[in-house]
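Each value in this text was obtained by applying a stated rule to the coordinates, not by laboratory testing. No experiment lies behind these values; they were computed from the predicted model shown. Counting neighbours? That spans all protein chains shown, and the Cβs are built from the backbone with ideal geometry, glycine included.
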Amino acid sequence: MSIGIAVMGLLVGGLVGITGVGGAALLTPILMFMGISPSIAVGSDLMYNSITKFFGAIQHSRQKTVRWDIVKLLVLGSIPGAVVAISALRFYDSIFQGQEEFMKISLGYVLIFTACVTLYQSLFLKRVNVLEDKINSKTKVILTIVVGFVLGFIVGLTSVGSGSLFAIAMLFMYRILPSQLVGTDIVHAFFLVTVSALLHVGIGKVDFLLVLNLIIGSVPGVIIGSRLSSIIPTKLLKITVTLIILISGFKLLS
């Protein structure tokens, strides 16, 4: 199992390095298809993401490609959203039963939504009408916090969306440079998934050996994938990976 997990981490890391499509959207359902329970898959993926995003956050902070004003507003919403989601999971079984099935179904719907949004952005979105140009500063602050809360709840529940969904939201909400979009997204994601991962540790839903094996495989995978991205047609591969995520979502609901 350890070798299999490491190899799977290598493949997923390679795809992420080439396409930039979210690792959690690929990794979490694959772990579940391999027989790992939804709660452990989600918690372990969040811990894995926390460790990997730490290095990216440090690098972007040094490069000064982070809009800290946006990070602060998103954190004000996303951290409470994740806390609410994970607290709800903690008490779900004692009230309704079937926590694992609930997480599986939730992940399925989130994967379908994430894949559809990503496909729309890749295939049809040519020009973005930025909300920042149309609303006042107070409304912008409130909207950013609310969006942060909703997406933070989704990440805390499923581990999916800390990169892809927040990046798309910022693209529509703020006039921001591409380098700042990536840097801001990674730094905010680090804070969100770290808090979420620690909360999952608190309810005993993180397999640290699984996390270690994923890191062993995925780090060289991301490095190799990043180097291959300059010679491989990334758009077609990105669409293919997104379709795999979409199919995974439907598979979890079947």
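What Rg and what Dmax come out for the chain when only alpha-carbon atoms are used, in angstroms?
According to the Cα coordinates of the chain, Rg and Dmax are 17.3, 53 Å.
Among S179, S44, S164, which one moves the most in a GNM of the chain with springs linking Cα atoms closer than 10 Å?
Looking only at S179, S44, S164, the largest GNM fluctuation is found for S179.
Report the relative contact order of the chain, percent, no decimals, based on alpha-carbon pairs under 8 angstrom and at least 6 residues apart.
Computed over the chain, the figure is 46 percent.
Under 27 Å between alpha carbons: how many lysine pairs meet that in the range 2-253, if sequence neighbours fewer than 8 apart on the same chain are excluded?
23
Neighbour counts of other C-beta atoms within 10 Å: give me D185, D207, D133 arranged from fewest to most.
In order of increasing Cβ crowding within 10 Å: D133, D207, D185.
Hey, what number do you get for the chain at 222 nm if only DSSP H runs of n ≥ 4 count, each worth -39500 (n - 2.57), divided across all residues, to the nearest 500?
Dividing the helical sum by the residues of the chain leaves -28000 deg cm²/dmol.
Using a 10 Å Cβ count of at most 13 others and DSSP loop calls, identify the longest part of the chain lacking such chymotrypsin sites (Phe, Trp or Tyr not before Pro).
Here the longest run is 125-254.
How much net charge surrounds I18 when only other residues with a Cβ under 13 Å from its Cβ are counted (Lys, Arg +1; Asp, Glu -1)?
+3
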